[in-house]
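Everything below concerns the one structure shown next.
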Amino acid sequence: MKENERRIIVEQINKDIVMKESLPQKEVEMESLLKNDFVKRYIQLKRKISNAKNCFLSDSNERIRELRFVRAMIGTDLYSGVDKCSHGIWFYVKSIKCYADPRCEHDMYLPCDNEDDPDFEYNVYICLDCQKHFETENWREFESENFVLKNYDDKNISSYLANYYQLLCEMSVEEAEATIIRDFNVNLKKSKQKTLIKTIMI
């Protein structure tokens, strides 16, 4: 994501949030118009509220930010000057193994601890910018060719994504990415210390 793209998306997010926060006031105004002769204005407001409710009312501000950034980066929002996602940073999500259940016709695919599992099939990754999922058996090649944040013990990827979209509204792309990487590395260090403590106790 480029800095000018981030600014375009943040501007739209701010408009979305202002629209959402103005809805209660618009509903009160609409009710008072029912008692007046300004039916035309009433109809206009009703349309606006209906459209906004369909888009945003059930969404938190956090969700609005996420939707705007993700839609822009995968190309479903029509912003001029926003390219499709380049997938600069990936998160490791999980490893999957194949389990042959004799009671079923088909094999079952279940999460496993890591690639060392004898039944390991593939890894799942998610893009930090657009949340595209990618599955691959060739995980070594994928991780050598891409920037991947990988921690087997930290499965709370959604909190990193939510934090990233919040940071993009407050700072540049480079600063937001650096903050996420720093936070990830701090948590990675903590999980390694926990593993070491467990090993010592055993």
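FYI, it's all coordinate maths here, none of it is from the lab. Remember, predicted model here, so these are calculated numbers, not experimental data. Here the Cβ positions follow ideal geometry from the backbone for every residue, glycine too, while neighbour counts run over all protein chains shown.
Points to keep in mind about this one:
- Antiparallel DSSP beta bridges within segment 89-201, as percent of all bridges there, nearest 5: 85 percent
- Non-local Lys pairs in segment 98-202, i.e. 8 or more apart or on different chains, that have alpha carbons under 23 Å apart: 14
- Close amide H contacts of residue 122 (hydrogens built in the peptide plane, cut-off under 5 Å, sequence separation of 5 or more or a different chain): 96.
- When peptides 86-98, 143-155, 24-36, 166-178 are sorted by average Cβ neighbour count within 10 Å, with the highest value leading, the order is 86-98, 166-178, 143-155, 24-36.
- The simple Förster model, with R0 at 45 Å and r as the Cβ-Cβ distance, assigns residue 135 and residue 46 a FRET efficiency of 0.50.
- For segment 130-136, putting each phi into the Karplus relation 6.51 cos²θ - 1.76 cosθ + 1.60 with θ = phi - 60° gives couplings of 10, 6, 5, 8, 9, 10, 8 Hz, in residue order, rounded to whole numbers and with x for Gly and Pro.
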